[in-house]
Each structure stands twice: as structure tokens, then as C-alpha cells.
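Engineer: Below you will find the structure I want to go over with you.
The values are calculated or read from the model by the stated rules, or taken from the named source; none is laboratory data. For clarity, every value in this text was computed on a predicted model and none was experimentally measured. Ideal geometry is used to build each Cβ from the backbone, glycine not excepted, and the neighbour counts take in all protein chains shown. Side chains are part of the model used for accessible areas, which takes the heavy atoms of the whole protein and leaves out ligands, DNA and RNA. Shrake-Rupley method; radii C 1.70, N 1.55, O 1.52, S 1.80 Å.
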Amino acid sequence: MILLWLTGSLAAGLILRGEIDEVFDSALQEVVQRILPLAYSEILNSEPPAEGESPIQRLPSVLPHQEQITYIVRDGDGRVLLQSHDADPAAFPTLMTPGFQDVRDLRLYTEAAVRGTLFVTAAEPISHRRQAVIEAVGMLLWPLALLLPLSQLGVWALVRFTLRPVLAFRDEIEARGRGDLSPVNATALPAELAPVAASVNRLIARLQRALEAERGFTASSAHELRTPVAAALAQTQRLIAEVPEGAPRERARTVEAALRQLARLSEKLLQLAKAEGAGLLAEAPQDLAQVLGFVLDEFRDDPGFSARVTTSLPATGVLLSGMDADAFAILARNLIENALKHGAADQPVSVGLSEDGLLRVSNSGAVIEAEAMARLKRPFERGATRATGSGLGLAIAEAIAAGAGTSLELSSPVPGRSSGFEARVRLPRIFASR
């Protein structure tokens, strides 16, 4: 806009300069042609100057004013015979050449009469023309200083007003937590962007159907496996009791161990299906300190549990959070089970829940490399360990943390120590307990 305006102003100035030169040159010619017969008549009818009197006749002005165009009349020898009241003969060249010429800061026009014995020259300051062009171009430029900020403000306000529905559409998408695949509200969007919102909603619907199908298959498969696996496990245990000691009983025990592992895997798959679904935030505050106590009670059947695990709960014994109690129980159970299973058997496992909602589970053991740490949150990924497991514990914990709007942080070694492994989860929406 600035460049176009300046280009237009420059073009207008150049055109105006040419028009002004044409008009003022015409005015100089008109003055000379009007003065020439009057001057000739005035000179012929004037009395000879007295002795000691200047022969130059200076025409007085009717009213005081500044002459923009001055003139002088000379004879063939260059003597000044007549001049206007503001004319300065010294500024006029002595030798008069008919036509236009520029001398210093003057634009001159001269005409000869009476066979070259009388010359009339009119002069106008070139600065007068230049000033006229500058003032005219200035009148074109000064609105730019006002219009430019006003136009910028107007464009900014218009774009901001127009894009408010788009920004609201973006914020609505960004504000969604994991698992929220409901259609996006697009009623306030401009007509040009409505197809985009419709396409986004169709994509969300397809994604929701695909995820529901995947989760449904996982949950259904794990659920359907529980009954036959449990039946097979019971029959295998009965077989072990009936078969005498020897190779057949050992093979039956191997089958029992495989069936137990399959049962644990089906249970983990059910937990993963729940973790990747919705419903990880509760409608009302939940006392997660009490839930953690229940989870710890589940591990007390382990003979070495009391000797290995140290716990730290809030002083009040209550921690209210917006996280779903069942989801937190699955999260805590997997983290504690992972620490007990993969930590050093002769070293303690620390489970802590602070007043600000930080759940920390740490164990002792060798330091895990950063490259391996990055893979531990993936399903069926396991570190360098001899302990049995499905490789789903940390993946389930990560899915629950992400679905609840927080994150699972892993570190090795434990902060402040030279070895060990620690998992941390900042619980969402902590409420003050009463």
C-alpha cells in the first residue's frame, strides 16, 4: 500500500510539475505580450528626464503586494527604461535573448520589438514553482501518515473479528484430552471453513470407530480367554495332584506356569483396553490415598513385601484428586508390580504419595540406558531383565497418565542416587481436603 501510494504521488508530482511549468511559462508570455505595447506607449509619451534624474521609470503598485512575476524593459544598448516595482535589474542578464532561459533561480522570457530596439523580459523564481509542486505532493502524502495506521488497525480488527470462530475452533480441538473423540462444534465457523470442520468431524468419527473396534477386540479377546484359561488351569492343577512324581508331573507344572502367564497377559490386555479408553477422570473428587492403601494391601500376601516396600502417604491420610479411582488403582498396581519384579530382590522399593499429588515408585538396580528408557513405555517392550512379564505394565501406566491429562516420567538412576529406577506421575486436579 505504501509503495503504491508513493508511486502514485511521485507520478502525480511529475505530471503536476510539467503542468505548472506549462501554465507559468504561458503566464510569463502573457505578461510580456501585455507589457510590450504599454511599455512602448509609456516610453514614447514620457518626458525626457531632467539633468541628474534616473532615466529608469519604476511603475508604482496600486496596492502593496509581493510580485511573483517581475519585468524590465531595456533598449537595444541594454539600458533599463522601465521596470516593475519589485524588479531587480542586477538579477536580469544584460544580453537579452528572445525566448525562455533559466538564469540562476529565475525563469526568464524575453521578446523584442521595434526592430530589436526594445526588449521586454519577465522573470519568475524557479523556487516558486518548486514550492508549489512540493506543497501539492505534500497534500497527497500527508494522508498516508494517517491512513496507514488506520488501515493497519482496521485490517487487524477485521481479521481478528473474522478469525474469532477459527481460533475458537482451534482452541476447542487443542483443549480436548486424550480419548475425547466427540464431534467438534462448527456452528460459528464462516461458510468457507465449514467444510474443513465437517472433514475434521468425519475424520474423528472414523478414528473413533477404528479405536473402538481395536479396543473392543482387545477387551473381548482378553475377556473370552479368561474362562477357558481358568478352566484349563484348574484341570492342569488337578492333573498335577493326580499324576505321580516324575516327568509327566513336571510337564504338567510347565503347562500350569504357561497358563498362569496367559491369565496374567489377558488381565493386562483388559487393563490396557480400559487405559486407552475414556472415563479416566472422575466427576467428583476421589480419595486416592485410600485407593493406594487398598492397592498396597493386595501385595501383602507376598512374604517379602513388608520387608521390601516402604510407603509414604500424606500426613492427613487423604488426597483428593480428579482422577478416576479404578484408573489410579490400575496405574499404581502396575508401577508397584514393575518395581517389585524388576528391582534388586535384596533392596527396598519405595512407594510415596505427596501432599501435592506426586506419586513416586522407585527401586534399586542397575542404571538403564537412555535409549532403552525411551522404549519402555511401548507395549511389549522389556528392558534387560530376567524377570518374567508381558512388557505391558509401563505401557498401561503411560496410557492412563496420558488419558488423565498428565504424564509418566521415568528416570534412571533415581534422582539423588547413583543407581536404581524411578517412575513419577503428577496426579491431575488436586483438591484441598477438609
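Engineer: Among L265, L319, which is at pLDDT below 90 and closer than 30 Å to Q237 by Cβ?
Structural biologist: L265
Engineer: Taking segment 79-107 only, how many residues are crowded, with 19+ Cβ neighbours inside 10 Å and either touching a residue at least 40 places away in the same chain (Cβ under 8 Å) or small (G, A, S) (or both)?
Structural biologist: Of the residues in segment 79-107, 5 are crowded, with 19+ Cβ neighbours inside 10 Å and either touching a residue at least 40 places away in the same chain (Cβ under 8 Å) or small (G, A, S) (or both).
Engineer: Need the failing condition index for L335 against (1) within 15 Å of V425 (Cα to Cα); (2) open to solvent by 20 Å² or more (accessible area, probe 1.4 Å), just the number.
Structural biologist: For L335, the exception is condition (2).
Engineer: Now a separate question. Can we say V243 is open to solvent by less than 30 Å² (accessible area, probe 1.4 Å), at pLDDT 85 or above and touching a helix residue (DSSP H, G or I) at 6+ places or on another chain (Cβ under 6 Å)?
Structural biologist: no
Engineer: Identify all residues within segment 401-434 that are β-branched (V, I, T), more than 12 Å from N363 (Cβ to Cβ) and not in a strand (DSSP E or B); write none if there are none.
Structural biologist: The answer is T406, and nothing else.
Engineer: Within segment 66-97, count every residue that is in a strand (DSSP E or B) and within 11 Å of L118 (Cα to Cα).
Structural biologist: Total satisfying the criteria: 7.
Engineer: If you check A219 against the conditions, is it modelled with pLDDT under 80, of a type in the set (A, V, I, L, M, F, W, C) and open to solvent by less than 50 Å² (accessible area, probe 1.4 Å)?
Structural biologist: Against the criterion (modelled with pLDDT under 80, of a type in the set (A, V, I, L, M, F, W, C) and open to solvent by less than 50 Å² (accessible area, probe 1.4 Å)), A219 qualifies.
Engineer: Taking the condition of being at pLDDT 80 or above, open to solvent by less than 70 Å² (accessible area, probe 1.4 Å) and either closer than 19 Å to V361 by Cα or not polar (S, T, N, Q) (or both), how many residues in segment 274-298 meet it?
Structural biologist: 10
Engineer: Taking the stated definitions as given, is Q271 modelled with pLDDT under 85, open to solvent by 20 Å² or more (accessible area, probe 1.4 Å) and either closer than 18 Å to R429 by Cβ or in a helix (DSSP H, G or I) (or both)?
Structural biologist: no
To keep it simple, each residue is scored yes or no on (1) modelled with pLDDT of 85 or more; (2) open to solvent by less than 30 Å² (accessible area, probe 1.4 Å); (3) within 38 Å of the chain's Cα centre (by Cα).
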site	(1), (2), (3)
A370	no, no, yes
T388	no, no, no
I400	no, yes, yes
L427	yes, yes, yes
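Engineer: Also, I was wondering about something else. Identify, from the list V114, V80, the residue that is β-branched (V, I, T) and modelled with pLDDT of 80 or more.
Structural biologist: Only one candidate qualifies: V80.
Engineer: So which residues in segment 139-177 are in contact (Cβ under 8 Å) with a residue 60 or more places away in the chain and either under 21 Å from the mean Cα position of the chain (by Cα) or not in a helix (DSSP H, G or I) (or both), if there are any at all?
Structural biologist: Within segment 139-177, just G177 meets the criteria.
Engineer: For D301, which of the numbered conditions (1) part of a loop (DSSP other than H, G, I, E, B); (2) of a type outside the set (S, T, N, Q); (3) open to solvent by 80 Å² or more (accessible area, probe 1.4 Å); (4) over 26 Å from E267 (Cα atoms) fails to hold?
Structural biologist: (4)
Engineer: Which of the numbered conditions does A345 fail, given that it passes all the others? Conditions: (1) at pLDDT 85 or above; (2) open to solvent by 40 Å² or more (accessible area, probe 1.4 Å).
Structural biologist: A345 satisfies every listed condition except (1).
Engineer: Let me ask you something else. Given (1) within 40 Å of the chain's Cα centre (by Cα); (2) modelled with pLDDT of 80 or more; (3) not in a helix (DSSP H, G or I), identify the lone condition not met by R382.
Structural biologist: For R382, the failing item is (2).
Engineer: Test V114 against the criterion of being in contact with a helix residue (DSSP H, G or I) (Cβ under 8 Å, 6 or more places away or on another chain), of a type outside the set (G, A, S), more than 30 Å from N201 (Cα to Cα) and surrounded by 14 or more Cβ atoms within 10 Å (Cβ to Cβ), and give yes or no.
Structural biologist: When the stated conditions are applied, V114 does not pass them.
Engineer: Also, I was wondering about something else. Scanning segment 206-216 for residues that are more than 30 Å from A263 (Cβ to Cβ) and at pLDDT below 85, which turns out surrounded by the most Cβ atoms within 10 Å (Cβ to Cβ)?
Structural biologist: Of everything passing the filter in segment 206-216, Q208 is surrounded by the most Cβ atoms within 10 Å (Cβ to Cβ).
Engineer: Here is a follow-up. From F161, F119, F169, grab the single residue that is surrounded by 13 or more Cβ atoms within 10 Å (Cβ to Cβ) and either small (G, A, S) or more than 30 Å from D25 (Cα to Cα) (or both).
Structural biologist: Matching residue, one of F161, F119, F169: F169.
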